[in-house]
1. Could you pull out the pairs from K63/K224; K331/K457; K281/K457; K99/K277 whose alpha carbons sit more than 19 Å apart here?
2. Starting at the first residue of the range 204-210, write each ³J(HN,Hα) from the Karplus equation 6.51 cos²θ - 1.76 cosθ + 1.60 with θ = phi - 60°, in whole Hz, x for Gly and Pro.
3. Peptides 129-141, 372-384: what's the order by average Cβ count within 10 Å, highest mean first?
4. Roll a 1.4 Å probe over the protein chains and send me the accessible area per residue for the range 249-377 in Å².
5. Ranked from highest to lowest mean number of other Cβ atoms within 10 Å per residue, what is the order of the peptides 320-327, 198-205?
6. Less than 12 Å Cβ to Cβ from G337, Lys/Arg counted +1 and Asp/Glu -1: what total charge do the surrounding residues give?
7. Which ³J(HN,Hα) values, rounded to whole Hz and listed in residue order, are derived for the range 348-358 from phi using the Karplus coefficients 6.51, -1.76 and 1.60 in 6.51 cos²θ - 1.76 cosθ + 1.60 with θ = phi - 60°, glycine and proline given as x?
8. Percent of accessible area on the range 336-430 owned by carbon and sulfur, 1.4 Å probe?
Amino acid sequence: MHSTRNIHSYLGTARRGAPLSSAVSLTLLLLSVSFAAASLSPAVAQPAAPAQQATAVSPDAIKQRAEELEATREQQRKAAELQQKLKADIAAIGQDRSKLNQQLIDIATQVRTVETRIGETEARLRPLDSREQAVRASLDSRRAEIVEVLAALQRAGRRTPPALFVRPEDALESLRTAMLLGSVVPELRGRAEKLATDLGELVSLRQRIASERDVLARDRDRLKDDSVRLAALVEERQRKQSAIEKDMEAEGARAINLSRQVDGLQGLITKMEQDLKSAAKAAATASLQGAPAAPGGKPNLGALKDPTRLSPAIAFASAKGLFAFPVNGRKIRDFGGSDGAGGAEKGISLATRAGAQVTTPCDGWVVYAGPFRSYGQLLILNAGGGYHVLIAGMERISVNIGQFVLTGEPVATMGSTSQVASILATTASQPVLYVEFRKDGTPIDSGPWWAANEGEKVRG
């Protein structure tokens with residue numbers, strides 16, 4: 001504040017005859033104030049408080065604590081309301097399987113949409129944050145120069161004009177100061193304009209960053225609420241499934257034991273579909289019902305709107321160009337590329353965000369769900385017509401062997417780090433989902449099945 005008053009004093013004197021134009025004076029004032037405000041850091045050290053005040057609590061601190069307490073209470077109230085609404089929604093669904101399936105698909109779609117928006121916002125924030133740091137660094141590097149010139153201007157502004165001084169030395173000093181300013185100000189003009197541009201950009205950047213962070217916070221809150229709702233619906237789905245399949249837990253344990261007796265994925269598929277009752281039943285059903293007719297060679301997309309279906313709506317072979325990736329992410333390895341161990345990739349790898357929702361790209365029967373060797377948690381779907389879809393690298397799978405799942409239905413969630421072997425992941429610190437398609441036991445290129453854009457993806 002003291003420096004600001006000095007600058008105002010200087011400007012008042014400058015209007016009465018100081019050797020600096022009012023336009024440049026105003027520019028320098030704005031620059032100095034903006035520069036000081038922009039460069040403030042919350043970590044600036046404060047003078048030590050007297051010992052007797054060390055334990056005192058300021059009114060502002062009390063107010064802040066009260067606001068934090070009120071915010072916590074509001075969060076608890078909203079959580080309780082959400083739980084009540086979830087209970088009411090699940091009670092309303094009752095035994096209606098179609099309603100439960102449709103809600104699962106709809107909420108999973110919402111979750112993945114919000115995940116996409118969060119990723120896009122974070123991508124926009126990264127260059128903004130980097131640019132803000134660069135502008136700040138540039139301004140900080142010129143701090144000493146600006147402070148020195150402003151100090152000279154303030155000293156000149158506080159002095160009486162030379163003609164009124166009694167001592168010649170004072171007049172000479174003032175004259176020298178004026179001469180100094182006469183040589184410095186023209187040089188400073190260009191720098192002041194550059195500073196004004198940088199400061200304007202900094203203010204604009206900070207406004208954009210604040211706006212983007214507000215959007216990010218709202219989306220994260222919505223994702224949290226949608227995830228809670230989705231988890232409740234998944235739990236209800238599995239509870240109903242357990243009521244149908246009484247020996248589901250025993251089947252799961254037997255599947256894990258059988259998986260230890262095989263060395264590769266094809267051996268696992270064969271073992272499951274031959275020796276495990278639930279998987280064998282799913283495989284038999286897939287053989288009979290897994291390849292619906294496609295009139296005119298075109299898939300009947302309308303069949304995907306039936307949430308009560310118990311067999312694939314579209315034949316896998318005729319669904320090329322229609323599937324969405326099982327998770328929001330960036331492809332980091334493609335079919336046929338190097339697997340990092342001297343061989344070729346048999347599937348694709350998608351780098352994704354921690355905790356991302358995994359959904360099914362197609363209809364199918366679960367023939368395996370659990371850990372398997374270097375793949376981490378592995379899910380295998382029999383899609384009918386001799387096709388299998390393998391999805392690996394999740395932290396948690398939420399479906400059981402023998403279960404029929406619909407396109408877009410939530411089946412798993414990613415962890416916070418990679419769950420697959422190092423040859424399948426780019427970095428151990430990044431969640432990676434591995435997806436592989438097989439036809440009659442042979443890995444095939446999944447590329448032709450993935451939709452080129454959002455509008456072409458099939459939805460449940």
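The values are calculated or read from the model by the stated rules, or taken from the named source; none is laboratory data. Everything quoted here is computed from the prediction, not taken from an experiment. A quick note on method: Cβ atoms are made from the backbone with ideal geometry, for glycine too, and the neighbour counts reach across all protein chains shown. Protein only, heavy atoms only, side chains kept; ligands, DNA and RNA dropped before computing areas. Shrake-Rupley method; radii C 1.70, N 1.55, O 1.52, S 1.80 Å.
1. Details: K63/K224 28 Å; K331/K457 17 Å; K281/K457 30 Å; K99/K277 29 Å.
Beyond 19 Å between Cα atoms: K63/K224; K281/K457; K99/K277.
2. For the range 204-210, the Karplus curve yields 5, 4, 5, 5, 5, 5, 4 Hz.
3. With the highest mean Cβ count within 10 Å placed first, the list reads 372-384, 129-141.
4. Numbers: 5890 Å² over 129 residues.
Per-residue accessible area for the range 249-377 comes out at 46 Å².
5. Details: 320-327: 20.5, 198-205: 16.6.
The packing order, highest mean first, is 320-327, 198-205.
6. Within the 12 Å Cβ shell, the charges total -1.
7. 10, 10, 10, 7, 9, 8, 4, x, 5, 7, 10
8. 47 percent
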